[in-house]
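Engineer: Can you read through this structure? Questions will come right after.
The values are calculated or read from the model by the stated rules, or taken from the named source; none is laboratory data. Please read all numbers here as calculations on a predicted model, not as lab measurements. Note: ideal-geometry Cβ built from the backbone for every residue, glycine included; neighbour counts use all protein chains shown.
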Amino acid sequence: MKYFLLILGGVISLPLMAQTTKKPLKPADLYKQPTLMAPQLSPDGKWVVYELSEVDTAKDKRVSHLWMQSFDGKQSIQLTYGDEPASTPKWTPDGKFISYLSEKDSKSGGQVWMMDRRGGEGHKLTDIKGELEEYEWSPDSKRLALIIKDPENKGKEAPKTTPPIKIDRYHFKQDIEGYLQHLHSHLYLYDVASKKLDTLTNGGMDDSSPQWSPDGKTIAYVSNHTADPDRNENTDIFTIEAKPGAEPKQLTIFTGHDINPIWSPDGKKIAYLRSTSDADYFIYQHDVLFLMDADGKNNRPLTDQLDRPVSNIAWSKDGKDLEYVVSSDRIRYINRYNLLTRKSVLVYKGNECSFSDMIGHSLGVWVGKMSTPYMPHELVAIENGKVRRLTFHQDKWLSEVKLAYVKGFQSFSSDGTLVSGILYTPDSVVTKKMPFILYIHGGPTDQDEFEFDDIRQTLACAGYAVAAVNYRGSTGRGIEYTKAIYADWGNKEVKDLLGAVDELVKLGIADKDRLGIGGWSYGGILTDYTIATDPRFKAASSGAGSALQLAIYGSDQWVMQYDNELGAPWKNADKYIKLSYPFFHADKIKTPTQFMSGLKDFNVPTGGGEQMYEALRSQGVPTQMVLYPGQYHGITIPSYQVDRLQRYIEWFDKYLSLQSPKGGGF
Amino acid sequence: MKRALLIILTLSAVCTVSAQQKKPLKPADVYRIPTVSDPQLSPDGKWVAYSVSEVDTAKDRRVSHLWMQSYDGKESIELTHGDEAASSPRWSPDGKYLSFLSSRDSKTGSQVWLIDRRGGEGVKLTNIKGDLDDYAWSPDGKRLVMVIGDPENKGKEEPKTPKPIVVDRYHFKQDIVGYLQHLHSHLYLIDVATKKLDTLTRGDKDESSPVWSPDSKTIAFVSNRSADPDKNQNTDIFTIDARPGASMLQLTTWKGRDGNPQWSPDGRYISYLRSTSDADYMMYDQNVVCIMDVVGQNNKPLTLQLDRPAGAQTWAKDSKNIVFIVTDDRTRYLANININSGKITTINKGDYVFNDIATNLSGNWIVQKTDPYTPAELFALEDKKLRRLTFHHDEWLNTVELAYAKGFESTSADGTKVSGIVLTPDSVPNKKYPLILFIHGGPVGQDEFSFDATRQTLAAAGYAVAAVNYRGSNGRGIDYCKAIYADWGNKEVKDLLGAVDELEKLGIANPDKLGIGGWSYGGILTDYTIASDTRFKAAASGAGSALQLSVYGSDQYVLQYENEIGVPWKNADKWIQISYPFFHADKIKTPVLFMSGLKDFNVPTIGSEQMYEALRTQGIPTELILYPNQFHGLTKPSYQVDRLQRYVEWYDKYLKK
């Protein structure tokens, strides 16, 4: 399936700004929003370096640069400038340098750059052919572990005529990457002083997530060493001595995925994440925090009782605690597992906020990112259960806009299932029924949560009540809730979505005669399922979706899911046909629908939108299709992101406004 | 369906070349094959101007230039040179100029250029924004009528970020053109002396094929002016006075297609081509030559009784006779009809193919002809006899040894007689060959006695290669063509298998070494056939599809689907039935090489991807080759060569082991 909520930015700011000159959020405000990512704490704990991307409207792209924030909150410094982005900052363990990736002065993609903490501009360290995907400093700051993907054309200049693409793999398409051939990602060692590059791993599989042991002798990493890695997700954790010619040692043997290894500070243990399912492929699962000895023995789950997805794991500096972020019913909160007590305790949980990228600072102190419904991500410190904000990049533009009011709600579906949602309204008090948009998240294995949400905020600011609904298939409510839709797409999800709409109508918030629906990715797919089930919606916008699921077999990146979950189409045609009911029963659809797609999307290819557009167009149901040139599954060009928001509002206004062509009196 | 036989080239050369030093044709020889096209007779009948395109291997593309051949055969001159192509030569009716189209020195696409016949290089006449599709000189030599497509971005420079494409049409995809929005083609007039441009037609319809009346006062053209031209093929013929603001007169009312109007030299009649069917859309159709008077009265079909596609109808200078080309069972021959008596006579017919006819008031006739051993060259037609004028292919043909081509017939399981052509490395096959059944596209098209670079190359690699005109092909009458209506992959497969049986019986094909392949509908039929019969040991399916449901709305044929198959939500069973190679992919045992151009909107890449994946997941040997930036027909020379090489390698791997 398809997937990912597209979140453009994210952070918290207190919604108590002067009401004076504020205007409701509009699509073009997107241009003003910075995005904060990849925080890294300095070894001495005094600084956090991070990446901040901002829109260059002239070039119509986001450019990221490095910033540094003092932990005491007093100083904020921009470190890099200019047209060329800088990203992925890291501190050398000795604290002498900040390294980062940049394509500046490079003909062969991103290289590692070094910035001396004593002063001076950055300078290029590496000159690598192939795509530098990850890098990690050895504890002695002398070497780098690199993940490099084999270069195109074997590192030679591209020929004038692009060679024909020869496909012979089972998994042969992947969004953004394109057609998959035989370029693989492997582990390399780079010596800073001699600039010598050594190959550590090779072969027909991919390696990722390198982590140095604290003594600098061993690297843990993730790889899939099964006979055909295209046919399963059975990644395992390996270690290899940090010297050429060393043999990898396999630490895990679970047939699901094992990922994200991190060494304990004393080097004796490795914490990692493991999937709940051991199937070759299973999308309805979540990650469990595991711990094992550094030789792979004594592995055990630490969060299996939690029944919630765990992410962002980190060791405390003293090695006594393992911090992790829990996704649970519309929020993401922070827990820590104490190795002595063998128990998890809460670090911080807010009613309406979400955390990520947490780093252990000192005893009881953590640094990371936080977002609320009113603030895209900013850096915060959590000090003994209290949040202290460190950065304020969002304040300027937020001080100029009026945001919608956000609150949670719950509903019961027709089969009795309790479903959680979030409601956005232009004002905190709703005095009359409003035109309504149900905007559905992708995934499906994801959740809508209390964080800053550009799309729903913008729609609400255009005069709509807007709902986010965590239908079955979503995460955060336990594995059974997620698994409920296995091989049964468009059934229980639709019940949950309609139940939420019923509830909002009952509450007097949504006007039952002015209901809109929309979404992106699996949210677009569910839009199609829902309008083919219930004609009550007067307008729909289905982005990056599909309905004839037969048509994406072999034409998208999900063949492994289809073969595992639905079976081969020639043996299970009935099931595919059933799951394609919006196409095979397109004559039931009466809702004017706008379809959208990025033209290079290999996740849910454009055919998904084209076919439903044509089905409606042929029947004379009002429809249009908007195609974004050069875009993948997620729209990344800023003017297209703004265009999409504007088209949402225009389409919904056209069919949901009372009389006036614009936005119905709000 | 799909469409377009991909013939790379065509022409005839006397094959009396010495056999020494000749090597069998190989894929890379494609680089050496020029293409001769678009003959235009000078007003005095003494010269023929035409285009020759040749491969620039450094730039990896074909570049066309203008040539001129004296009618007496004595002189041959290349007129244009260089990197920038020149095409569409036209003589000004006073004989003073030879005009042509070129993009040189232009930021906005092709422009009309003039070469003064007294001497000197070409000079640019027009400076048009938009896409110049077609043009014609007024008989008085003073003006040109042009067909110009609305420019992208209203003629402004392309913005840095391309605008999102907003689709709201029913017919919204078309190969090469791309996503269809609301750009239309209209008629314009330009005065050659003043260079003043006047708009003749406008609006949300398209106009094409303008032809001047002999008195230079009126222009006949073709347009579909039904309520929604996306929903039918009802083009009609119109006339309009050649002055701005004139209103148009509709001459034809046939609900099928009317096209290709031609004024008689005396100005009294217009001949044109009409479809046989009057349905909104009918793929299985053939053109009929018709005439009418110039106000659209007294129209009558002239060639219905032939029950063959007729085309390229050309008036003789007496305004009483029309010469045209008939597509008939592996040949295309020249015929004449007298419009008074209605009598049709054959002018010239043989195991070869005519592609084009040119004449004018000089009374000289030029035709373009190809045979199995010669790509298209130009000939003078003198009293039913042919005199060869051009020899562009001799040089490369002198160095290669070609396969021998001959016709054969077979009888299918249901008794249907089917015509084919078989190519063998030697003229006297004294052994069984591994066989490649290479299937033409269309399906409405035919394999014929013309030069066929793909099959010649395969035969030269040591194979017997068969071309089979399965039901759905044309040249055998409308019923033969219509037989596959809404029943794809059934009778065609019977006919293909019957031909293979026959070649086995004749001792030509080795039953244990059978290969199959094709492009477009030939790729689709490859999929159908290997899902019906496991006897083939190797297949190459190019630009094909099998899960036909997947191409509804994602290719250019929605009008055909809804007319022929019905909408999927009301006729799912039929759609599933004609998708049997996908729904029964477990019956396929043949190793298959799939191929596609990545910008193909005719049979999109998904058609190949899905079948590749179906075989790949079952462990049947398969590969998928994708050609970047190519449409339905591969045009990049190195890709054409690459495709031939891969064919040979794939078949060799499974048929020669």
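Engineer: Return the residues of the range A:581-593 that are more than 8 Å from chain B (Cβ to nearest Cβ) and either aromatic (Phe, Trp, Tyr) or buried (at least 23 other Cβ atoms within 10 Å of the Cβ) (or both); say none if nothing qualifies.
Structural biologist: A:581, A:582, A:589, A:591, A:593
Engineer: For the range A:516-533, how many residues meet the condition of being over 18 Å from the mean Cα position of the chain (by Cα) and part of a helix (DSSP H, G or I)?
Structural biologist: Taking the range A:516-533 and keeping what is over 18 Å from the mean Cα position of the chain (by Cα), we get A:516-518, A:525-533.
Next, only the ones that are part of a helix (DSSP H, G or I) stay: A:525-533.
Residues flagged as over 18 Å from the mean Cα position of the chain (by Cα) and part of a helix (DSSP H, G or I) within the range A:516-533 amount to 9.
Engineer: Related question: Only one residue in A:92, A:161, A:126 is within 14 Å of chain B (Cβ to nearest Cβ), surrounded by 17 or more Cβ atoms within 10 Å (Cβ to Cβ) and more than 18 Å from residue A:206 (Cα to Cα), so which one is that?
Structural biologist: Result of the check over A:92, A:161, A:126: A:161.
Engineer: In the range A:69-105, which residues are closer than 17 Å to residue A:35 by Cβ and part of a strand (DSSP E or B)?
Structural biologist: Passing the criteria: A:69, A:76, A:78, A:86, A:87, A:88, A:89, A:100, A:101.
Engineer: Being surrounded by fewer than 20 Cβ atoms within 10 Å (Cβ to Cβ) and free of Cβ contacts under 8 Å to residues at least 60 places away in the same chain is the filter here; which residues of the range A:194-205 pass it?
Structural biologist: Step one: list which residues in the range A:194-205 are surrounded by fewer than 20 Cβ atoms within 10 Å (Cβ to Cβ), which gives A:194-199, A:202-205.
Those that are surrounded by fewer than 20 Cβ atoms within 10 Å (Cβ to Cβ) and free of Cβ contacts under 8 Å to residues at least 60 places away in the same chain: A:194, A:196, A:198, A:199, A:202, A:203, A:204, A:205.
Engineer: Taking only the range B:118-128 into account, find how many residues are over 14 Å from residue B:189 (Cα atoms) and surrounded by 13 or more Cβ atoms within 10 Å (Cβ to Cβ). Outline the logic, then answer.
Structural biologist: Step one: list which residues in the range B:118-128 are over 14 Å from residue B:189 (Cα atoms), which gives B:118-124.
Next, only the ones that are surrounded by 13 or more Cβ atoms within 10 Å (Cβ to Cβ) stay: B:122, B:124.
Looking only at that region, the number is 2.
Engineer: Okay, moving on. What number of residues within the range A:451-467 are surrounded by fewer than 24 Cβ atoms within 10 Å (Cβ to Cβ) and in contact with a Ser or Thr (Cβ under 7 Å, 6 or more places away or on another chain)?
Structural biologist: 0
Engineer: Which residues, taken from the range A:414-441, are polar (S, T, N, Q) and free of Cβ contacts under 8 Å to residues at least 40 places away in the same chain?
Structural biologist: A:428, A:431
Engineer: Do we have any residue at all in the range B:640-650 that's facing another protein chain (nearest Cβ under 10 Å), within 29 Å of the chain's Cα centre (by Cα) and outside any helix (DSSP H, G or I)?
Structural biologist: Taking every residue of the range B:640-650 in turn, none turns out to be facing another protein chain (nearest Cβ under 10 Å), within 29 Å of the chain's Cα centre (by Cα) and outside any helix (DSSP H, G or I).
Engineer: Sticking with this structure for a sec: Sort out which residues of the range A:594-618 are over 24 Å from residue A:562 (Cβ atoms) and more than 8 Å from chain B (Cβ to nearest Cβ), and write them in order of number.
Structural biologist: A:594, A:616
Engineer: Quick check on the range B:61-73. Is at least one of its residues under 30 Å from residue A:164 (Cα atoms), of a type outside the set (Gly, Ala, Ser) and either within 14 Å of chain A (Cβ to nearest Cβ) or assigned to a loop (DSSP other than H, G, I, E, B) (or both)? Break it down stepwise before answering.
Structural biologist: Residues of the range B:61-73 under 30 Å from residue A:164 (Cα atoms): B:61-65.
Then drop every residue that is not of a type outside the set (Gly, Ala, Ser), which leaves B:61-63, B:65.
Going one step further and asking which of them are either within 14 Å of chain A (Cβ to nearest Cβ) or assigned to a loop (DSSP other than H, G, I, E, B) (or both), we end up with B:61-62.
Looking for residues that are under 30 Å from residue A:164 (Cα atoms), of a type outside the set (Gly, Ala, Ser) and either within 14 Å of chain A (Cβ to nearest Cβ) or assigned to a loop (DSSP other than H, G, I, E, B) (or both), one finds at least one in the range B:61-73, hence yes.
Engineer: Sticking with this one: Just to be sure I understand the filter: pairs with C-beta atoms under 7 Å, separated by 6 or more residues or on different chains, first member in the range B:166-182 and facing chain A (nearest Cβ under 8 Å) and under 18 Å from residue B:599 (Cα atoms), second member modelled with pLDDT of 95 or more and in a loop (DSSP other than H, G, I, E, B). Which pairs pass?
Structural biologist: Sorted first by the residue in the range B:166-182, then by its partner, the pairs are B:172/B:180; B:173/B:180; B:173/B:555; B:173/B:556; B:173/B:601; B:179/B:172.
Engineer: List the residue pairs whose Cβ atoms are under 7 Å apart, where the first residue sits in the range B:396-415 and is under 22 Å from residue B:484 (Cβ atoms), the second is polar (S, T, N, Q), and the two are 6 or more positions apart or on different chains.
Structural biologist: Hits for this filter: B:409/B:419.
Engineer: Identify, by number, the condition in (1) farther than 30 Å from residue B:64 by Cα; (2) within 10 Å of chain A (Cβ to nearest Cβ); (3) part of a loop (DSSP other than H, G, I, E, B) that residue B:611 doesn't meet.
Structural biologist: It is condition (3) that residue B:611 fails.
Engineer: Could you grab me the full set of residues in the range A:638-653 that are within 13 Å of chain B (Cβ to nearest Cβ) and out of contact with any Ser or Thr (no Cβ under 6 Å at 6 or more places or on another chain)?
Structural biologist: Matches in the range A:638-653: A:638, A:640, A:641, A:642, A:643, A:644, A:646, A:647, A:650.
Engineer: Tell me, which residue of the range A:350-390 that is modelled with pLDDT under 95, outside any strand (DSSP E or B) and not acidic (Asp, Glu) is nearest to the chain's Cα centre (by Cα)?
Structural biologist: A:353
Engineer: Hey, another quick one. Quick check on the range B:566-575. Is at least one of its residues closer than 19 Å to residue B:596 by Cβ, in contact with a Pro (Cβ under 8 Å, 6 or more places away or on another chain) and of a type in the set (Phe, Trp, Tyr)?
Structural biologist: no
Engineer: Residue by residue through the range B:187-210, note down the ones that are assigned to a strand (DSSP E or B) and either among the basic types (Lys, Arg) or closer than 26 Å to residue B:234 by Cβ (or both).
Structural biologist: Result: B:187, B:188, B:199, B:207, B:208, B:209, B:210.
Engineer: Let me ask something else. Look through A:590, A:600 and report the one residue that is out of contact with any Asp or Glu (no Cβ under 9 Å at 6 or more places or on another chain), assigned to a loop (DSSP other than H, G, I, E, B), at pLDDT 95 or above and over 29 Å from residue A:427 (Cα atoms). Outline the logic, then answer.
Structural biologist: Numbers: A:600 fails: out of contact with any Asp or Glu (no Cβ under 9 Å at 6 or more places or on another chain).
From the options A:590, A:600, the qualifying one is A:590.
Engineer: If you don't mind, another one. Take the residues of the range A:557-580 that are at the interface with another protein chain (Cβ under 9 Å from one of its Cβ atoms) and of a type in the set (D, E, K, R): which is farthest from residue A:487 (Cα to Cα)?
Structural biologist: A:571
Engineer: Would you mind stating whether residue A:544 is within 24 Å of residue A:635 (Cα to Cα) and in contact with a helix residue (DSSP H, G or I) (Cβ under 9 Å, 6 or more places away or on another chain)? Show your work before the answer.
Structural biologist: Values: within 24 Å of residue A:635 (Cα to Cα): yes; in contact with a helix residue (DSSP H, G or I) (Cβ under 9 Å, 6 or more places away or on another chain): yes.
So residue A:544 fits the description; yes.
Engineer: Of the conditions (1) buried (at least 19 other Cβ atoms within 10 Å of the Cβ); (2) under 22 Å from residue B:464 (Cα atoms), residue B:505 fails just one. Which one is it?
Structural biologist: (1)
Engineer: Only one residue in A:103, A:121, A:136 is within 29 Å of the chain's Cα centre (by Cα), among the acidic types (Asp, Glu) and under 21 Å from residue A:84 (Cα atoms). Which one?
Structural biologist: Of the residues listed, the single one that is within 29 Å of the chain's Cα centre (by Cα), among the acidic types (Asp, Glu) and under 21 Å from residue A:84 (Cα atoms) is A:103.
Engineer: What are the pairs with Cβ atoms under 8 angstrom where one residue, in the range B:281-293, is within 14 Å of residue B:442 (Cβ to Cβ) and the other, located anywhere, is buried (at least 21 other Cβ atoms within 10 Å of the Cβ) and at pLDDT below 95? Sequence gap at least six, or different chains.
Structural biologist: B:283/B:1
Engineer: Something else now. Checking residue A:152 against (1) within 14 Å of another protein chain (Cβ to nearest Cβ); (2) modelled with pLDDT under 95; (3) over 25 Å from residue A:223 (Cβ atoms), which single condition isn't satisfied?
Structural biologist: Only one criterion is unmet by residue A:152, namely (3).
Engineer: Mind telling me which of the residues B:588, B:620, B:576 ends up being closer than 30 Å to residue A:580 by Cβ, buried (at least 24 other Cβ atoms within 10 Å of the Cβ) and either free of Cβ contacts under 8 Å to residues at least 40 places away in the same chain or more than 7 Å from chain A (Cβ to nearest Cβ) (or both)?
Structural biologist: B:588
Rundown of residues vs (1) of a type in the set (Asp, Glu); (2) within 26 Å of residue B:56 (Cβ to Cβ); (3) under 24 Å from the mean Cα position of the chain (by Cα); (4) surrounded by 14 or more Cβ atoms within 10 Å (Cβ to Cβ), yes/no style:
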| position | (1), (2), (3), (4) |
| --- | --- |
| B:78 | yes, yes, no, no |
| B:90 | no, yes, yes, yes |
| B:97 | no, no, no, yes |
| B:110 | no, yes, yes, yes |
| B:116 | yes, no, no, no |
| B:143 | no, no, no, yes |
